[in-house]
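Trainee: Attaching a single structure in structure tokens format; questions to follow.
All of the numbers you see were taken from the coordinates with simple rules; none came from a lab. Remember, predicted model here, so these are calculated numbers, not experimental data. Positions of Cβ are backbone-derived with ideal geometry, glycine not excepted, and every protein chain shown enters the neighbour counts.
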């Protein structure tokens, strides 16, 4: 195990290993974020196990969990991760347990408890122990003729979910809940988080990093949740520190607003509460600090067959060059489009989007008709991306 791993993560991995040795299935429960999935994947990488993955949603049906059949080019394909995991001895990761409708997950009940399941195509999954007992009295050909399939003894399930009712979703049925050994995966402890942030932001003053983390942990505390404040995305803090590392002259409060847009999300009382926390940790620097002004130029670079772009951004009368991912199409310089007349605020927004793109994905928030799509198209053209619009609806 790497020395850079936090002690709390090592303890989680040790616990999962103990349950695996006992042949038990695991349920990792905790606040939103990638930490639970990351720990599950780290464990599987550590033990060199194969994995099957199912992301559950409100639209997931019983058939999706068992065997969903699709026709491609006149040929029927079965999409059956759970069945493959059971027969091949892989680990099945079920993400978003709280999103599934109540009548869907009991399909897995028998597979979890007895390692048995009746399939749509007539086959019957049977636990390794019972199958081996049958094999003493019958031949494998007979069992194959009866369509009995052996479940591999190495098959395990790792489920990931949020605690309900604090977060929205469906609580687990008691019968299903009893099938799992559960563990609370909370955010990394303050000391481990601080060590991680120090390693990411060598150019950021250590006291500022400490204040930044103190602010974030305060907003994740029980007192903040009773005030109705949404959780701060602690897992995104390294991304903000990485931006501040490349742009040490930038406003820390402004970087925080990218992660936690409280001015848009909260009412007057909520805003005042957040500003009070900012003031307490001396992070109110938006008035005296500088923001990126515009993108000066964009140049193509390719490293190890990975498409990248060198983007030069003007900030505080200096030019800072950063590397960002890029698409396969030719790049275009900012302000070259005939269909898009850039204002000063557009130039600043595109420069900020480049900073975010260096480390994370981007979400543009705004009212109808304010130009989000146009900005996104211009951003994609600048970096040579193709656009794939997906309309979301409730």
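Trainee: Against the longest principal axis of the chain, how steep is helix 128-137, in degrees 0 to 90 to the nearest 10, with axes from Cα atoms?
Mentor: 20 degrees
Trainee: Averaging sequence separations of C-alpha pairs under 8 Å and six or more residues apart, then dividing by the length of the range 292-383, give the relative contact order as a whole percent. Intermediate results must be reported in sequence, preceding the final value.
Mentor: Details: 129 pairs, mean separation 26.8, N = 92.
Normalised by residue count, the contact order of the range 292-383 is 29 percent.
Trainee: Compute from the Cα atoms of the range 63-203 the Rg and the Dmax, the latter being the longest Cα-Cα distance, and quote both in angstrom.
Mentor: 20.1, 71
Trainee: Continuing with the same structure: Once label points are set 7 Å from the Cα along Cα→Cβ at both residue 280 and residue 113, what is their separation, rounded to one decimal in nm?
Mentor: Computed distance between label sites residue 280 and residue 113 equals 4.8 nm.
Trainee: Also: Give me the number: length gained by fully extending residue 393 to residue 57, i.e. 0.36 nm times residue separation minus the C-alpha to C-alpha distance, one decimal in nm. Write out the running numbers ahead of the final one.
Mentor: Numbers: separation 336, 0.36 × 336 = 120.96 nm, distance 1.43 nm.
Fully extending the segment from residue 393 to residue 57 adds 119.5 nm.
Trainee: Stretched out fully, how many nm does the piece from residue 308 to residue 41 gain, at 0.36 nm a residue minus the Cα gap?
Mentor: Working: separation 267, 0.36 × 267 = 96.12 nm, distance 2.74 nm.
Value of the extension gain: 93.4 nm.
Trainee: If you wrap a convex hull around the alpha carbons of the range 1-110, what volume per residue comes out, as a whole number of Å³? Please report the intermediate quantities before stating the final value.
Mentor: Working: hull volume 15.4 nm³, N = 110.
Measuring per residue, one finds 140 Å³ for the Cα hull of the range 1-110.
Trainee: How do 268, 254 rank when sorted from fewest to most other Cβ atoms within 10 Å of their own Cβ? List each step's numbers first, then the result.
Mentor: Working: 268 7, 254 18.
Ranked by crowding around the Cβ, least crowded first: 268, 254.
Trainee: Further question on the same structure: Work out how far the C-alpha atoms of the range 81-127 reach from end to end along every principal axis, then list the three figures in whole Å, largest first.
Mentor: 28, 21, 19
Trainee: Which whole-number percentage describes the relative contact order of the chain, with Cα contacts under 8 Å and a sequence gap of 6 or more?
Mentor: In percent, rounded to a whole number, it is 13.
Trainee: I've got another one for you. Where does helix 237-246 land angle-wise versus the long Cα axis of the chain, in degrees 0 to 90, nearest 10?
Mentor: Once rounded, the angle reads 40 degrees.
Trainee: What's the whole-number percent of alpha carbon pairs in the range 125-213 lying beyond 15 angstrom? Intermediate values should be presented prior to the final figure.
Mentor: Values: 2949 of 3916 pairs.
Percent of Cα pairs beyond 15 Å in the range 125-213: 75.
Trainee: At 7 Å along Cα-to-Cβ for each site, give me the label-to-label distance between residue 173 and residue 203 in nm.
Mentor: For residue 173 paired with residue 203, the spin-label model returns 5.5 nm.
Trainee: For the range 123-140 and the range 258-336, what is the centre-to-centre distance using only Cα atoms, to the nearest Å?
Mentor: The distance from the Cα centre of the range 123-140 to that of the range 258-336 comes to 60 Å.
Trainee: Shifting gears a bit: How much length would be gained if the chain were fully extended between residue 72 and residue 316, taking 0.36 nm per residue of separation minus their Cα-Cα distance, in nm to one decimal?
Mentor: Values: separation 244, 0.36 × 244 = 87.84 nm, distance 5.56 nm.
Full-extension gain reported as 82.3 nm.
Trainee: Give the separation of the Cα centroids, the range 1-76 to the range 214-256, in Å.
Mentor: A separation of 28 Å, based on Cα centres.
Trainee: Taking only the alpha-carbon atoms of the range 292-383, what semi-axes of the equivalent ellipsoid follow from 5 times the gyration tensor eigenvalues under a square root, in whole Å, largest first?
Mentor: Working: eigenvalues 85, 48, 34 Å².
Semi-axis lengths for the range 292-383 are 21, 15, 13 Å.
Trainee: What's the ranking of 33-42, 57-66, 166-175 by average number of surrounding C-beta atoms within 10 Å, highest first?
Mentor: Working: 33-42: 18.1, 57-66: 15.5, 166-175: 13.3.
Listed from highest to lowest mean packing, they are 33-42, 57-66, 166-175.
Trainee: OK, next. Based on the Kirkwood radius over alpha-carbon pairs, what is the Stokes-Einstein translational diffusion coefficient of the chain at 20 °C with 1.002 mPa s viscosity, in µm²/s?
Mentor: Working: Rh = 24.6 Å.
Roughly 87 µm²/s, to the nearest whole number.
Trainee: Given C-alpha coordinates of the range 190-280, what is the ratio Rg to Rh with the Kirkwood estimate of Rh?
Mentor: 0.96
Trainee: What order do you get for 124, 215 when you list them from fewest to most C-beta neighbours inside 10 Å?
Mentor: Details: 124 13, 215 22.
With the fewest neighbours first, 124, 215 line up as 124, 215.
Trainee: Still on this structure, please answer the following. With each label point set 7 Å from Cα along the Cα-Cβ vector, what nm distance links residue 344 and residue 297?
Mentor: 2.6 nm
Trainee: Quick one: order 340, 155 by neighbouring beta-carbon count within 10 Å, fewest to most. Present the calculation step by step, with values, prior to reporting the outcome.
Mentor: Values: 340 15, 155 23.
So the ranking, lowest neighbour count to highest, is 340, 155.
Trainee: OK, next. Can you give the angle from 0 to 90° between the axis of helix 7-21 and the longest principal axis of the chain, with both taken from C-alpha atoms, to the nearest 10?
Mentor: 10 degrees
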